[in-house]
1. Across segment B:251-405, how many lysine pairs, 8 or more positions apart or on different chains, have C-alpha atoms separated by under 17 Å? Please give the number.
2. Using the charge dipole of the protein assembly as shown (Lys, Arg: +1 at Cβ; Asp, Glu: -1 at Cβ; taken about the Cα centre), state which of B:L458, B:S277, A:A353 has its Cα farthest towards the positive end.
3. Using a 7 Å offset from Cα along the direction of the beta-carbon, what are the separations from B:D256 to the same position in each other copy, nm, ascending?
4. With labels modelled as points extended 7 Å from the Cα through the Cβ direction, what inter-label distance (nm, one decimal) is found for A:Q202 paired with A:K332?
5. Over segment A:26-110, what portion of Cα pair distances is larger than 23 Å, expressed as a whole percent?
6. Using the per-residue mean of other Cβ atoms lying within 10 Å as a proxy for protection, in what order, highest first, do the peptides B:9-16, B:231-238 fall?
7. Report Rg/Rh for segment B:305-402, rounded to two decimals, where Rg is the Cα radius of gyration and Rh the Kirkwood radius.
8. For a Förster distance of 45 Å, can you work out the FRET efficiency between the beta-carbons of B:S348 and B:H52, rounded to the nearest 0.05?
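All of the numbers you see were taken from the coordinates with simple rules; none came from a lab. Please read all numbers here as calculations on a predicted model, not as lab measurements. Here the Cβ is made from the backbone with ideal geometry for all residues, glycine too, and neighbour counts use every protein chain on show.
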2 protein chains.
Amino acid sequence: MAKELKELTSRAENYSQWYNDLVVKAGLAESSAVRGCMVIKPYGYAIWEKMHRALDDMFKETGHVNAYFPLFIPKSFFSREADHVEGFAKECAVVTHYRLMNNPDGEGVVVDPDAKLEEELIVRPTSETIIWNTYKNWIQSYRDLPILINQWANVVRWEMRTRLFLRTAEFLWQEGHTAHETKEQALEEADKMINVYARFAQNWMALPVIMGRKTANERFAGAEETFTIEALMQDGKALQSGTSHFLGQNFAKAFDVQFAGRDGKLDYVWATSWGVSTRLMGALIMAHSDDNGLVLPPRLAPTQVVMIPIYKGEEELRRMVGEMETVAAKLKAKGITVKIDDRDNVRSGFKFAEYELKGFPVRIVIGPRDLAAGTAEVMRRDTLEKETVPIAGIEDYVNRLLAEIQDNIYQKALKFRDSMITKVDTFEEFTRVLDEKGGFVLAPWDGTTETEIRIKELTKATIRCIPFDSMEEGGVDMLTGKPSQRRVLFARSY
Amino acid sequence: MAKELKELTSRAENYSQWYNDLVVKAGLAESSAVRGCMVIKPYGYAIWEKMHRALDDMFKETGHVNAYFPLFIPKSFFSREADHVEGFAKECAVVTHYRLMNNPDGEGVVVDPDAKLEEELIVRPTSETIIWNTYKNWIQSYRDLPILINQWANVVRWEMRTRLFLRTAEFLWQEGHTAHETKEQALEEADKMINVYARFAQNWMALPVIMGRKTANERFAGAEETFTIEALMQDGKALQSGTSHFLGQNFAKAFDVQFAGRDGKLDYVWATSWGVSTRLMGALIMAHSDDNGLVLPPRLAPTQVVMIPIYKGEEELRRMVGEMETVAAKLKAKGITVKIDDRDNVRSGFKFAEYELKGFPVRIVIGPRDLAAGTAEVMRRDTLEKETVPIAGIEDYVNRLLAEIQDNIYQKALKFRDSMITKVDTFEEFTRVLDEKGGFVLAPWDGTTETEIRIKELTKATIRCIPFDSMEEGGVDMLTGKPSQRRVLFARSY
């Protein structure tokens, strides 16, 4: 085996280093020369393209259309909604000038001081403000509603501590921005979209998630309600994977967007926004992968099957590749993506390690003895199990296997996640579970931001959400002893 | 007819105003509150999505993969290649700070003076510099070549005079950046991609283009050779629609990107870059549309067929719509996109005008008398011709008609373009053709930048390209009387 290729830190040794190694060595992304900004490499981008396509289809099926709004937001717009600016002001990239000039003192170029903008522009960290300023001109009456628009875009949040995919200064995302006639319709939309995200996570990413409401303290800046999907990584830390916000009339009021209702009276428009980002790449990688490399759910794998010939000499290589091309054509006819690796300047062992690292879901190896017996060796990446299979009909076998792998990855993640949800009633149990086991902790809470912040200070755990399916039950807050209505979901998180 | 909806300025009256009216009224785009930046509205974005998809497929078929590089470029990188910085320095948006703070003097927020970047960041106007700085780490030997990467992204060029789609401060585009072992391979790539663009323009946009080389004066900043496709708009002005650059070793040298060749010796890598942008939307709109609105080639129309019922009363409406749903299902089975407009709060005449304005390629109208006769009225948008067609088998009729419309739009544009290419030999003829007729003018040129600039100053016409198919012929420059090797293509342009 080609150890030199892999050299992955193991998860047990250093989970954080394992993640970073994996992202870089599997060719998914790397840090760039610009602080906090990453380069998404072709293999990583190919996975993102699959996510993009699947999500875009789901958005369109639910009645949404795409549009594009400016990258820049005038500073004055940005500060119209008080909570919003408060939430984002500290991490804004600001454009102040629009021209460079030759350096009068020497080589190179400097910013031209005469080319100062009258009003500074913020590079969008999210687009509510510029979009609601636009919607103002689009909405006069209830007949103009709903507006159901999504945007695929890059955004910038000047993060100080960054990690590839999980937290970067620039990231790619989609942001839905909808406008509605009634509060109920907006709430329904926000709920619909968090469900779309949950279905996407489960059906495409093989990632089980817990849906719920954020506490006031954890809400999006400017929202009246934030819904979230929370996933669990293998190290027992939670990862917020998508959010959907009911914005009430806050942005409509900030940008004076009123409409004439069915009764002829003017009222402010109700709003939602919702987004997922390249952060999902981080979730995908961390949730399923192992010490050999990536484990990708077949529905998101850029290439689902790799075929590797075993041979001696060029003639045998040609024979194996010929056979593989026949098999590949049959797989492609079933909609399966295939690559034949016929490189003859690297050993098979090196290839094996490389495709394990890159997480190709299925590997088919054919050598002369296989060919004589009419069989191939098929390995599944998720369990690393091998099976010898007749070449005749192998396309049906692989097709079933891919579905099985997709399901198995999900079931494994689900089983792990479920094993990592612990109910506790006392603060002592709470800290012990966090320290010794990690994962999600369901605990009573008195409902105050004060207690929530105190718990965070003491334990670094936050309330990930108030699960949609949490039930009212008696109990007292584990820290303050005050009455608690229901358990909420705590975890340490990314 | 619903005149109030259309109110398009006619092309004859004011071509420029007609274009702007059309873009806004057809719901394609509008100006935003940010100087020079546009909002691409859902209908316009849907066309761009179709272009994006078609181009992306063509890039992948020719062996390219997508990736994503940072939005920001450190100022020092940007100035590494001398011609490049010279070409772009005057139109750069510059990020200087990364935080806002509450205004100590009053309301709102101001830029935090303590959050000044050590080095200013340029919002990418194009990505050669950040990408070649990245490629440096990816390329050691000839085995790492070629790199064939494309990026879909937004870029910013601080233009002073902007027009929707044609020239905006921010625009969407794709930029290919490839790295090669030899000069020949890079030249071949640049040539291949300008041909991809020409095929896309012709087959998808129904837009005939002239391919050729740019003069030194019109080259991309940092290129050794720029290939272009030039299209002609209905007002006789040219529009550069896509460019592909052979960058020589300029960026490899600026970023010190060397590779060990097959002979073991170090050499600088050869490069190309190539791009098309949302400017193509402007070309598409201006090339084909008329005084009634958009004319869209069916392959790029977001919806190809609209069906409008004629009826009295709700029962009849339901009956017509029922029939239309049956027809729509048959059309969809052929891969045709269809919309049934069953709104009962607007008159049919209003709907007719609206879909003409929006350029739906085919309109099907069914009323009670049609239904009794088993026929429908089919109108094609390109010629506005109507025909009565049996409903049985209408899907085959429409399918053929869409192909015919696609071809007809192309043939019409081609005929117009060909009628607008004039050969001249004297400067007097040259200015007369430019002023009285417009279009492309093929004229002899002495090959000097000096003469080229002088002609531009005198006539506002530029050399659009030296056509690939131009032949060597005798002649003298029309201005200087110096010897000319071949005719070149002049025009006034967007």
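1. Details: B:K253/B:K265; B:K312/B:K351; B:K330/B:K339; B:K339/B:K351; B:K339/B:K358; B:K351/B:K386.
Summing the qualifying lysine pairs gives 6.
2. Of the options given, the answer is A:A353.
3. 5.8
4. Between A:Q202 and A:K332, the label points sit 3.6 nm apart.
5. Working: 2146 of 3570 pairs.
That fraction is 60 percent.
6. On the way: B:9-16: 13.4, B:231-238: 22.2.
So the peptides B:9-16, B:231-238, ranked by packing, come out B:231-238, B:9-16.
7. Details: Rg = 12.3 Å, Rh = 13.3 Å.
Dividing the radius of gyration by the Kirkwood radius yields 0.92.
8. Numbers: r = 34 Å, r/R0 = 0.76.
It comes to 0.85.
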